[in-house]
């Protein structure tokens, strides 16, 4: 459930997706209208029809929404034909995504919107699918054979959607022993290893340059918050505020320590380096800071309504100077969140928000990132995003694109309808 901070403590509430199967009439007709906007992205009429049928299958009540069940549920459906369409047929992916983000901007765009970066895992039993490896899978919370996608999500006061994606290819896939698998999976020859933060930077840069979706905030978890490359990429964008999680061993000072320049000799030549003026002025970890904070400085806030009642945390904030290689660097906000009870669990966030930023804004931002988790949950449970059985690189992207568009289509219907009316929901044949 998305956090719902109190009305007097946030910039805007994020609406919940509450459209039901009994709320739509003429569903197939509206879906046709949606698909007409992407007609020029396919070379053949057969591909356009496959595109419609594949998405219609994702809206159906099929237990498993992969290619074969969808094809078999269609009148005169052909499994091989649909497989070729998803994995091998030409799609103009860039044009589809450009048109899609334009539609997202029309319905959800806001100057106070936020870009959110996170990854999601897809468990895979075999070893033949592109990018599959034993790696941490957040979906099940452990190391397992899986694929991992890095995603960009968008959230505003109007709703939320996934707006870009990259498939993470583990480094071992670029070795000589994977050459045959790369070929079979149609992995583009120019593909090189990129870390997850690097993939996020690539998406952030592209989205900013495209300048279709307006946004003010950039949110991410600690994998990205601990990446200097990711933080630098956000800081390079004008008027953008980042709010990211950081690990508990992140080091900082409450007051900027004095530094001096020290001369030394190396290889027969004089060199200089900056060092702490008082060597014993060591930085604290954010965990040490949190656990030694007097209760006076903690503020209790409700962040959401759970199934068993309100969910409440305590928060505190400090302006801190981050440590890099043992030296003071930038000054940022540190927000610390802890659970209630005798054995509290702590979470840590940093932000380059202005020094005048109030606690309530930081608390609001700490909950906003969960919109992308809601995207993952809804696309997986309702639209079969994790049901795919494709092995090739283009097939993965095409399946994920279809799921992203299907999820947004439902948001468009919710926005278009305004107040709900009890009508008939279309189920794909």
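On the given criteria, is residue 40 at pLDDT 95 or above and farther than 20 Å from residue 380 by Cα? It is true that residue 40 is at pLDDT 95 or above and farther than 20 Å from residue 380 by Cα. One residue stands out in the stretch 349-381 among those that are under 30 Å from residue 404 (Cα atoms) and touching a helix residue (DSSP H, G or I) at 6+ places or on another chain (Cβ under 8 Å): the one that is surrounded by the fewest Cβ atoms within 10 Å (Cβ to Cβ), namely 378. Every listed requirement among (1) in the same structural domain as residue 119 (by TED's automatic domain parsing); (2) modelled with pLDDT under 95 is met by residue 327 save one, (1).
For residue 166, the test of being assigned to a strand (DSSP E or B) and either outside the structural domain of residue 41 (by TED's automatic domain parsing) or loosely packed, with under 15 Cβ neighbours inside 10 Å (or both) is failed.
Considering (1) in contact (Cβ under 8 Å) with a residue 40 or more places away in the chain; (2) in a strand (DSSP E or B), the lone condition that residue 55 does not fulfil carries the number (2). Taken together, the criteria place residue 276 among residues that are under 23 Å from residue 255 (Cα atoms), surrounded by 11 or more Cβ atoms within 10 Å (Cβ to Cβ) and modelled with pLDDT under 90. For residue 202, the criteria (1) in a helix (DSSP H, G or I); (2) in the same structural domain as residue 411 (by TED's automatic domain parsing); (3) free of Cβ contacts under 8 Å to residues at least 12 places away in the same chain hold in every case but one, which is (3).
Is it true that some residue in the stretch 239-261 is loosely packed, with under 11 Cβ neighbours inside 10 Å, in a strand (DSSP E or B) and modelled with pLDDT under 95? Yes, some residue in the stretch 239-261 is loosely packed, with under 11 Cβ neighbours inside 10 Å, in a strand (DSSP E or B) and modelled with pLDDT under 95.
Checked against (1) in contact with a strand residue (DSSP E or B) (Cβ under 7 Å, 6 or more places away or on another chain); (2) more than 24 Å from residue 163 (Cα to Cα); (3) outside any helix (DSSP H, G or I), residue 342 meets all criteria but (1).
The single condition among (1) without any contact (Cβ under 8 Å) to a residue 12 or more places away in the chain; (2) under 27 Å from residue 146 (Cα atoms); (3) not assigned by TED's automatic domain parsing to the domain that holds residue 151 that residue 229 does not meet is (1). Counting only helices (runs of 4 or more DSSP H) that sit wholly inside the stretch 62-138, those with at least 1 residues that are modelled with pLDDT under 95 and in contact with a helix residue (DSSP H, G or I) (Cβ under 8 Å, 6 or more places away or on another chain) are 67-73, 79-87. Could you please let me know if residue 285 is under 32 Å from the mean Cα position of the chain (by Cα) and in the same structural domain as residue 332 (by TED's automatic domain parsing)? Judged against the criteria, residue 285 is a match.
Within the stretch 306-318, restricting attention to residues that are exposed (fewer than 13 other Cβ atoms within 10 Å of the Cβ) and not in a loop (DSSP other than H, G, I, E, B), the residue that is farthest from the chain's Cα centre (by Cα) is 309.
For the stretch 322-339, enumerate the residues that are under 14 Å from residue 249 (Cα atoms) and assigned to a strand (DSSP E or B).
322, 323, 324, 334, 336
Does residue 190 satisfy the condition of being loosely packed, with under 13 Cβ neighbours inside 10 Å, without any contact (Cβ under 8 Å) to a residue 60 or more places away in the chain and either outside the structural domain of residue 126 (by TED's automatic domain parsing) or in a helix (DSSP H, G or I) (or both)? So residue 190 does not fit the description; no.
The values are calculated or read from the model by the stated rules, or taken from the named source; none is laboratory data. Since we're looking at a predicted model, the values are computed, not measured. Cβ atoms come from the backbone with ideal geometry, glycine included; neighbour counts cover every protein chain shown.
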